[in-house]
Amino acid sequence: MKLTGLDGKTALITGASKGIGKSIAGVLADSGVRLICCARNESILLQACSEIEKGGGTAVPVRADVASPSDRKHLIERSISEFGGIDFLINNAGVHKEKAAMELSDEELLQTMQINFFSMFSLSRDIARQMIARQGGKIINLGSFWGQLGVRKQLPYCISKGAVEAMTRCLAVEWARHNIQVNTVAPGHIMTDISKAALENEKIRNDILRRIPARRVGNPEEVAYLVAFLCSQESNYITGHIYYIDGGQLISW
Ligand SMILES: NC(=O)c1ccc[n+]([C@@H]2O[C@H](COP(=O)([O-])OP(=O)(O)OC[C@H]3O[C@@H](n4cnc5c(N)ncnc54)[C@H](OP(=O)(O)O)[C@@H]3O)[C@@H](O)[C@H]2O)c1
C-alpha cells in the first residue's frame, strides 16, 4: 500500500539539518513533498538540503532560530513566497541540557521553553491561519516520552515536552472543524546528536538498554515513517493524539 496525499504538498520542518528532522525531510522529499528546512547552523543546513536536491527532491534552506520571533516571521514569509502556503508543519527543533533543579535559573528554564514549546505554539498558530483559509493541514510536533516522566536533572526538557502534549490536544479540538489534524510523535531513545554522548558511554548505554523491552535504541528513520503516515491522507481521522515510539519503554515495568 502506498501512502496518499503527500506528492506535490509542502512542508516546513524545523531542525531539519540533523537527526530526526533530517530523516523526516528525507522521507517526505522521497514522497514528493516540497520542503522548507530550517536550523541555526547554516552550513550544516545547506549540506542537508543539497543532499535532498541531489536525490531529486526540493528543499529550501532557511537559516532561523525558532526561539526568535523575527526569525519565525521570516520563515513563514519565505514559505509563502516559495510555495504559496504550507500543508504540513513539522515542529521538530528541540534541545536539552542536564542541570539539577536547585541550580537552574529562571532564564535557563525559559530558554528551553522558548525553543521546545513556545516556538511550536507560535508557528502552529501563525501557519494554521493559512491552513484554515485553505481548509486543511497537518501539524506534527516532536514530543518525548520524558514528557510523561520525572527525570533527574531534566526539569526544563520534561516540562517543555509535557506542555507539547497538552498543546497538541487543545489545538486539535479547536481546529478539527477546519480539517487540520494536530498530533505529537514522542520518541524514546533515538540515536542522534542529542542522545549521542549518553549512548556512547558504555555504562549509561547498558543502563538505558536494560530499561527498553526491545533492547535497542531506535533510529531516526523509524520516527520519520510515523511522521510521514501522520502527514498522509490515510491519517485524516486521527487528531489530538500522542504516539510513543520507544521500543516499549514507557509501558514496561
Ligand atoms: N534523539 C532522541 O533520543 C530524542 C528522544 C525524544 C525526543 N526527541 C526530540 O526529537 C526532536 C529532534 O531531536 P534530535 O535527536 O534529532 O536532535 P538533534 O540531532 O540535536 O537535531 C536537532 C535539530 O534541531 C535544530 N535546532 C536546535 N535548536 C534550534 C533552534 N533554536 N532553532 C532552529 N533549529 C534548532 C538543530 O540544528 P542547529 O543546532 O543548527 O539549530 C538540528 O537540526 C527534538 O524535539 C527532541 O527533543 C529526540
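What follows is calculated from the coordinates using simple rules that are stated; it is not laboratory data. Quick caveat: nothing in here was measured; it's all calculated off a predicted structure. We place every Cβ from the backbone using ideal geometry, glycine too, and count neighbours over all the protein chains shown.
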Normalised contact order of the chain, rounded percent, pairs of Cα under 8 Å and 6 or more residues apart: 21 percent
Assigned charges on the beta-carbon of Lys, Arg, Asp, Glu; the chain dipole about Cα centre (debye): 320 debye
Stokes-Einstein diffusion coefficient for region 187-253 at 10 °C in a medium of 1.306 mPa s, Rh from the Kirkwood formula over Cα pairs: what value in µm²/s? 120 µm²/s
If the chain between Arg216 and Lys97 were fully stretched, how many nm would it gain, using 0.36 nm times the residue separation less the Cα-Cα distance? 40.5 nm
P(r) weight above 31 Å for the chain, C-alpha pairs, percent: 20 percent
Leu104 versus Ala133: modelled label distance in nm, points set 7 Å from Cα along the beta carbon direction: 3.9 nm
Among Leu171, Trp253, Ser31 - extreme Cα towards positive end, dipole of the chain, charges at beta-carbon: Trp253
In nm², what is the average projected area of the convex hull enclosing the Cα atoms of region 40-90? 3.8 nm²
Could you work out how far helix 155-175 tilts from the main Cα principal axis of the chain, as a 0 to 90 degree angle to the nearest 10? 30 degrees
As an exercise, identify the trypsin sites (Lys or Arg not before Pro) in region 1-79 lying in DSSP coil whose Cβ has no more than 15 other Cβ atoms within 10 Å. Lys2
Range of Cα positions in region 145-244 per principal axis (Å), largest first: 49, 27, 23
Over all directions, average the projected area of the Cα convex hull of region 21-118 and note it in nm². 7.0 nm²
What is the distance, in nm, between label points placed 7 Å from the Cα along the Cα-to-Cβ direction at His74 and at Glu202? 4.6 nm
Note: probe point = Cα of Leu250 + 7 Å toward Cβ; backbone nitrogen < 18 Å; residues of region 163-182 passing the test are 163-173, 182
